[in-house]
Amino acid sequence: MGGIIVKVVIAIDSFKGSLSSMEAGIAAKDGILKACDGSNVIVKPLADGGEGTVESLVEGMNGSREKTYVTGPVGKKIECIYGILPNSNTAIIEMASTAGLTLISEKERNPLNTTTFGVGEVIKEAIEKGCRNFIIGLGGSATNDAGVGMLQALGYEFLDKNGEKVGFGGKVLKDICFIDEENKIKELEECSFKIACDVNNPLYGQQGAAYIYGKQKGASDEEIKFLDEGLIKFSEVVQRHFGIRRSDYPGAGAAGGMGFGFLTFLNAKLESGIKIVLDEINLEKEILDADYVITGEGRLDLQTSMGKAPIGIAKLAKKYNKKVIAFAGCTTEDALGCNEKGIDAYFSIVNGAMSLEEAMNKENAKKNMELTVYEVFRLIDIQSK
């Protein structure tokens with residue numbers, strides 16, 4: 001007991017398959033308070049807009065976890081989990097949970113047929129529950145329909161040359177000649193969309209949605225060319241309808257053109273996932289008078305240094321010249337790049353020989369986090385005397 005009194009802000013990304021963001025943060029807090037009793041320790045959830053964002057923000061901001069059933073990428077009904085933050089009427093949705101590649105078998109993968117209809121169904125349900133603000137993470141999609149499926153679920157109608165409604169999937173983009181907004185959900189006008197997007201691809205062309213991501217979604221070279229032509233044709237119809245061109249906008253090609261659909265039809269903002277999350281958790285305000293900032297993730301490596309969530313935290317902390325310490329399940333030799341990006345020091349919490357299974361066991365990971373953080377802050381306490 002005893003020790004120096006400091007203010008520490010903790011925002012650690014989840015240790016996938018082991019600790020949630022908040023579990024990791026609370027274990028770190030316990031270690032700090034054991035070494036520096038009486039300190040002010042703030043724990044915030046952390047995610048990068050991708051997988052785990054719903055869980056982190058719901059758990060860390062007293063939100064609710066909503067379960068619903070929607071149309072999956074190949075038309076079958078699937079269970080989908082999304083989050084609602086009641087204080088701000090905000091819905092948090094991960095596109096991968098409704099139109100993700102992992103939801104279908106390899107045999108079913110074909111972006112000519114897969115649809116984003118389920119994403120629109122989740123948005124519609126959240127609107128009915130009173131949500132008017134949306135945080136939607138793109139990424140991991142099985143689709144290449146430019147968001148047409150989502151928009152169909154929201155009441156937009158896409159018509160062919162004969163005035164007939166088109167079907168679903170990337171294959172219909174070439175058939176669309178007209179857009180009818182008459183039956184779209186009226187509440188969309190009251191809604192604000194922040195889209196977590198960390199790629200800069202345009203809608204079409206060699207760097208576009210079909211050519212860059214089509215193959216991993218199951219498309220052949222011939223089908224990729226067909227899909228790209230569909231994206232070009234659709235963008236021309238959209239430009240004629242709205243009088244604006246968004247096909248070259250960075251991120252328009254994200255998630256099979258979903259970025260384009262959000263930008264053009266729903267007037268969304270495309271931002272980096274970490275920026276959206278940091279704004280939502282209001283971290284900057286807490287960092288202002290902090291002595292130390294703690295971050296981390298399951299594995300600290302070269303990819304981390306290239307801009308993952310812990311680096312987002314470090315950059316924000318360095319704006320105010322704060323000391324940043326990171327903790328991870330494991331660290332690699334090339335993680336040294338993290339030091340150049342604002343993380344002053346980092347530590348692995350695995351403190352002895354153990355199997356991966358033992359290291360990832362929830363109780364072991366909590367104990368190892370607490371002990372490692374305790375030892376670091378014990379040293380800080382000793383050096384302060």
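Consider SER355 carefully, then state whether it is touching a residue at least 24 places away in the same chain (Cβ under 8 Å) and either under 23 Å from SER18 (Cα atoms) or out of contact with any His (no Cβ under 9 Å at 6 or more places or on another chain) (or both). Even if it seems obvious, please write down each step before you answer.
Values: touching a residue at least 24 places away in the same chain (Cβ under 8 Å): no; either under 23 Å from SER18 (Cα atoms) or out of contact with any His (no Cβ under 9 Å at 6 or more places or on another chain) (or both): yes.
Judged against the criteria, SER355 is not a match.
Any idea how many residues of segment 160-201 are among the basic types (Lys, Arg) and surrounded by fewer than 15 Cβ atoms within 10 Å (Cβ to Cβ)? Spell out how you get there, then give the answer.
Looking only at segment 160-201, we keep the residues that are among the basic types (Lys, Arg), and these are 161, 165, 171, 174, 184, 186, 194.
Subsequent filtering for residues that are surrounded by fewer than 15 Cβ atoms within 10 Å (Cβ to Cβ) retains 161, 165, 186.
Total satisfying the criteria: 3.
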Self-check item: Only one of MET354, MET306 that is exposed (fewer than 15 other Cβ atoms within 10 Å of the Cβ) and either at pLDDT 95 or above or within 23 Å of VAL199 (Cβ to Cβ) (or both)
Solution: MET306
Exercise. Among the numbered conditions (1) more than 30 Å from LEU85 (Cα to Cα); (2) hydroxyl-bearing (Ser, Thr, Tyr); (3) over 20 Å from the mean Cα position of the chain (by Cα); (4) crowded, with 20+ Cβ neighbours inside 10 Å, tell me where THR264 comes up short.
Key: (1)
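Would you kindly identify the helices (runs of 4 or more DSSP H) lying entirely within segment 285-385 that contain at least 2 residues that are within 23 Å of the chain's Cα centre (by Cα)?
Working: elements: 302-305, 309-318, 337-340, 356-360, 362-383.
Helices (runs of 4 or more DSSP H) meeting the threshold: 302-305, 309-318.
Determine which member of the set ILE325, ILE311, ILE287 is over 30 Å from ALA219 (Cα atoms), among the β-branched types (Val, Ile, Thr), touching a Phe, Trp or Tyr at 6+ places or on another chain (Cβ under 9 Å) and without any contact (Cβ under 8 Å) to a residue 60 or more places away in the chain.
Values: ILE311 fails: touching a Phe, Trp or Tyr at 6+ places or on another chain (Cβ under 9 Å); ILE287 fails: without any contact (Cβ under 8 Å) to a residue 60 or more places away in the chain.
On inspection, the qualifying residue turns out to be ILE325.
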Quiz item: Somewhere in segment 92-113, is a residue within 14 Å of the chain's Cα centre (by Cα) and over 30 Å from GLU229 (Cα atoms)?
Solution: yes
Quiz prompt | Breaking point among (1) surrounded by fewer than 24 Cβ atoms within 10 Å (Cβ to Cβ); (2) in contact (Cβ under 8 Å) with a residue 24 or more places away in the chain; (3) closer than 30 Å to VAL373 by Cβ; (4) more than 20 Å from the chain's Cα centre (by Cα), for ILE232 | solution = (3)
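Please indicate, with yes or no, whether at least one residue in segment 114-126 is of a type in the set (Val, Ile, Thr), touching a residue at least 12 places away in the same chain (Cβ under 8 Å) and farther than 19 Å from GLY253 by Cα. Write out each step before concluding.
Taking segment 114-126 as the starting set, the residues that turn out to be of a type in the set (Val, Ile, Thr) are 114-116, 119, 122-123.
Then keep just the ones that are touching a residue at least 12 places away in the same chain (Cβ under 8 Å); that gives 114-116, 119, 122-123.
Subsequent filtering for residues that are farther than 19 Å from GLY253 by Cα retains 122-123.
Within segment 114-126, one or more residues are of a type in the set (Val, Ile, Thr), touching a residue at least 12 places away in the same chain (Cβ under 8 Å) and farther than 19 Å from GLY253 by Cα.
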Self-check item: Checklist (1) more than 27 Å from GLY3 (Cα to Cα); (2) among the aliphatic types (A, V, I, L, M); (3) modelled with pLDDT of 95 or more applied to VAL376, failing item
Solution: (1)
Quiz item: If a residue has to be assigned to a loop (DSSP other than H, G, I, E, B) and surrounded by fewer than 16 Cβ atoms within 10 Å (Cβ to Cβ) to count, how many in segment 90-108 make the cut?
Solution: 1
Practice problem: Residue by residue through segment 127-140, note down the ones that are within 17 Å of the chain's Cα centre (by Cα), surrounded by fewer than 20 Cβ atoms within 10 Å (Cβ to Cβ) and either outside any loop (DSSP other than H, G, I, E, B) or without any contact (Cβ under 8 Å) to a residue 12 or more places away in the chain (or both). | Solution: ASN133
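The values are calculated or read from the model by the stated rules, or taken from the named source; none is laboratory data. Keep in mind that what you see is a predicted model, and the values were worked out from it rather than measured. Using ideal geometry, Cβ is built from the backbone for each residue, glycine included, and neighbour counts are taken over all protein chains shown.
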